[in-house]
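Dropping a structure here in structure tokens format, bear with me for questions.
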Amino acid sequence: MKVLIVESELLIAWAIQEELEALGYEVVKIAKTVSQAVVILQDCSVDLVLISLPPNVEDTPYRYILNQGLSSYFIFLTTSVDQQSKDWQTAPPDRVQVLRKPFLPQELVRWIASLYPLPEPDSSLSANVA
């Protein structure tokens, strides 16, 4: 599963990336702004967009990223739902989740796994090695 992380704080983005890659998910890019995310989504397809930006961080509304990644799922990591809720309503409701901060890394992983479970290891490979 391919993931795009939209996070203005690189240390947080890298921590999320490290957690996801350790579980076998592929983080294709990290965008620091919605504008960067829109450009990335024009160039590559992703399964999941994690958006962790505070409200009013820039002038580009979230609806642009929602419209660009129509086949993607979105998880907004936020402390405030009210500010951008109108933009979130532009996406199909089954495609958008909101995870309120603060949260534990395990909570984020659980949400992602509910959308995209990791494949079980191939037991035939271990049988051939033994």
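In what order do S72, S114 fall by count of nearby beta-carbon atoms within 10 Å, going from fewest to most?
Details: S72 19, S114 9.
Lowest to highest Cβ neighbour count: S114, S72.
Taking neighbour Cβ counts within 10 Å as the exposure measure, how do E7, E107, E19 sort from fewest upward? Let's see the in-between values first.
Numbers: E7 22, E107 12, E19 16.
By the 10 Å Cβ count, ascending, the order reads E107, E19, E7.
If we count other beta carbons within 10 Å of each Cβ, what is the order of W14, W111, fewest first? Mind dumping the intermediate values first?
On the way: W14 14, W111 18.
Lowest to highest Cβ neighbour count: W14, W111.
Every number in this text was worked out from the coordinates using simple rules, so none of it is lab data. Fair warning: this is a prediction, and the values are worked out from it, not measured in the lab. Cβ: placed from backbone, ideal geometry, glycine included. Neighbour counts: every protein chain shown.
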